[in-house]
């Protein structure tokens, strides 16, 4: 008998081990085999890998699957989605047991935060990584990780114009550099720092020395930055012609690869100003079109980062472009060119505004429908929460009487009387303030003010849905109809109850009413 049990357990163990290996191989295949696959197919395969990993209950494997997806999405400039997957990846690891892997994931999380504009959050995470990797140099990979973190901390402080901190991290990076490539990237950062310190000749030497390594590494992003800062150095030295040659190279790389960064926007503005000064209208129009495309791409790829710049372009630079177009009439006498540029600007602006408004309206519509559905199935007026068994017998007897009285109070819609208060209602129900308050808290799971506000808001929503005349009332009129003394209190209570502002709720209902006519 014992032999049979042992044999059975051995067989189960072997089978489980085999199944686990099969799953692990399938997960690896899904995560690694991406040749000639589209974005959607790759995401689908990564999601399947995550689901298989979850089925194994292996925390490290699950973390790795989420990390793989996060890294892929980051490379596709899907920074928000990337950040979410980095977070999930880190949640499956014990920060103490898997310290190095955990902090490597945190590094990726910091990069994603930086890309969506959360600079301070990225800095906090990087400092945590910095402290860990520096305190644990015995792990070989930690040395390389520390160099990467120091490089990123340098860049973040440069972006924040904190040159003192940037220089501190850069010096530490150079001292602990792992190889020539790592050293040249650190020298690139040092070159940018020297530019901000006004040491233009030293900056040029450092940037030129690092440029070939960056080109060999096929790192177009940093190649564009090095060329831009080389241009900035010559621009500040007063050699405008040489600066323009570098700005042109940045523009050519953008047109070839589509790689963008908000910092590089100044590159196109300076080209535009140069052509304007030279009276080269044809080149200026080309740069303007490139700038419109550059802004649009940045807006679509990452709205959080580029929103400010894009709005700035629409609101203020559009006037500049209008003046420029008027000059085009004098220089080119070509109405078609002017009309084409105006159409491009209007079409681009209209498309982005329409897309944003459409998304906002879709989300609002979902929220309104969900609330109306909830109201029809589980309204505050009609449902009394199940009784709590722990209340005393004396309270049960009292609450049974109050339950019926409260139901009559709700059915008679007495709550729309603006004079209703806890004291006045307690008096009308022949009870005291304390008992009524306790009943509301126990049966409705909310305080009296919240209970009363919810009754009023749900009542007025039902009126808005059932009688179109309410849709034409002012906010003051609606507030008065359901018992509020001011439109502000009504608006605040509406938002608290529904999570939607009344004007947006009413606008949504009005649009639906028009469609039904």
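The values are calculated or read from the model by the stated rules, or taken from the named source; none is laboratory data. This structure is a prediction, so every number in the text was calculated from the model and none was measured. Neighbour counts are summed over all protein chains in view; Cβ atoms, including those assigned to glycine, are modelled from backbone coordinates with ideal geometry.
Listed by first and then second residue, the pairs linking a residue in region 262-277 that is over 25 Å from residue 115 (Cβ atoms) to a residue that is outside any helix (DSSP H, G or I), with Cβ atoms under 9 Å apart and 6 or more places separating them unless they lie on different chains, are 274/280.
Considering the conditions (1) more than 20 Å from residue 144 (Cβ to Cβ); (2) crowded, with 17+ Cβ neighbours inside 10 Å, residue 89 is excluded by exactly one of them, (1). Could you tell me whether residue 511 is at pLDDT below 90 and within 38 Å of the chain's Cα centre (by Cα)? Judged against the criteria, residue 511 is a match. When 459, 451, 371 are checked against the criterion of being surrounded by 15 or more Cβ atoms within 10 Å (Cβ to Cβ), modelled with pLDDT under 90 and not in a loop (DSSP other than H, G, I, E, B), a single residue qualifies: 371. Does region 478-488 contain at least one residue that is out of contact with any helix residue (DSSP H, G or I) (no Cβ under 8 Å at 6 or more places or on another chain) and either modelled with pLDDT under 90 or under 26 Å from residue 437 (Cβ atoms) (or both)? Checking region 478-488: at least one residue is out of contact with any helix residue (DSSP H, G or I) (no Cβ under 8 Å at 6 or more places or on another chain) and either modelled with pLDDT under 90 or under 26 Å from residue 437 (Cβ atoms) (or both).
Taken as a whole, region 479-489 holds at least one residue that is part of a helix (DSSP H, G or I) and either in contact with a strand residue (DSSP E or B) (Cβ under 7 Å, 6 or more places away or on another chain) or surrounded by 19 or more Cβ atoms within 10 Å (Cβ to Cβ) (or both).
Can you name the residue in region 197-211 that is closer than 25 Å to residue 146 by Cα and touching a residue at least 24 places away in the same chain (Cβ under 8 Å) and is also surrounded by the fewest Cβ atoms within 10 Å (Cβ to Cβ) among such residues? It comes out as 209. Taken over region 160-171, the residue count meeting the criterion of being at pLDDT below 90 and surrounded by 15 or more Cβ atoms within 10 Å (Cβ to Cβ) is 0.
Taking region 51-71 as the search range and keeping residues that are within 22 Å of residue 111 (Cα to Cα) and without any contact (Cβ under 8 Å) to a residue 40 or more places away in the chain, which one is surrounded by the fewest Cβ atoms within 10 Å (Cβ to Cβ)?
Step by step, filter region 51-71, then rank; the result is 71.
Filtered by the rule that a residue be closer than 17 Å to residue 375 by Cβ and exposed (fewer than 12 other Cβ atoms within 10 Å of the Cβ), region 490-505 gives a lone residue, 499. Considering the conditions (1) touching a residue at least 12 places away in the same chain (Cβ under 8 Å); (2) on the phi < 0 side of the Ramachandran plot, residue 161 is excluded by exactly one of them, (2). Checking each residue in region 489-501 for being farther than 15 Å from residue 366 by Cα and in contact with a helix residue (DSSP H, G or I) (Cβ under 8 Å, 6 or more places away or on another chain) picks out 489, 490, 491, 493, 494, 495, 496, 497.
Residue by residue, here is whether (1) at pLDDT 90 or above; (2) in a helix (DSSP H, G or I) holds:
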position	(1), (2)
397	no, yes
400	no, yes
409	yes, yes
419	yes, no
426	yes, yes
